[in-house]
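The block underneath contains the structure these notes are about, expressed in C-alpha cells.
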Amino acid sequence: MKIANLIAAAAALLLVAPSFAQGKPPANRADGSMQVLREQLMKDKKQVVSANLDLTQAEAKTFWPLYEEYQKELHRVNDRIAVLLVAYAKEHNAGSLTDAKAIKLIEAALAVDEDEAKLRRAFLPRLAKVLPGRKAARYLQIENKVRAIVRYELAAEVPLAR
C-alpha cells in the first residue's frame, strides 16, 4: 500500500472532528459508521507501516505488540482532540465563544499537543530496543506523516475563531 492510499484513509480520521453544520460529532450517529471507518484506517495504516518497515520475524514479534500499545495511546489523544473540537463547535455554532473560553480551549489543545509529544518521546526508547535506529525513525516518520495529514485536513475544516 502506498502513502497515497494512507492519505485517503487518514481523511477518515476527520470523522473525529465535529460537523460544524450539524453541531455534533459523527461519532454520535447510530449507524456505527464511525467505528467502521476507524477500523479501516487502522488496518490501512498497519499495512503501510508493515510495507515500509520490512521487519524481520524477530523484529515483528516484538514490534507489533508495541505498535498496538502506541495506537491505543494515540486513540486516547484523538479522543481528547475530538472533545476539544466538539466544545469549539458548540461555542462557534452558538456564537458564544468568549475570549476566556477561547483561551481555555487553546490551552487545552496545547496540552494535548504536549502530551502527544511526550508519548512519542516515551515510546522512542522502547522502539529502539526492538528495532534498529533507522527503522525506529522510519516508523515515527510514518506516524508523523499520518498525523500531519490529519491535522491539515482538520485545520481546513475548522473555522477560525470569531
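So here's what we get for this one:
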| quantity | calculated |
| --- | --- |
| Residue check, P159 outside any helix (DSSP H, G or I) and over 20 Å from K45 (Cα atoms) | yes |
| Pair list, Cβ under 7 Å, 6 or more apart: region 139-162 residue loosely packed, with under 11 Cβ neighbours inside 10 Å, other residue assigned to a helix (DSSP H, G or I) | P159/H92 |
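Readers should treat all values here as calculations from the given coordinates under stated rules, not as data from a laboratory. Quick caveat, the model's predicted, so the values are computed rather than measured. Cβ atoms come from the backbone with ideal geometry, glycine included; neighbour counts cover every protein chain shown.
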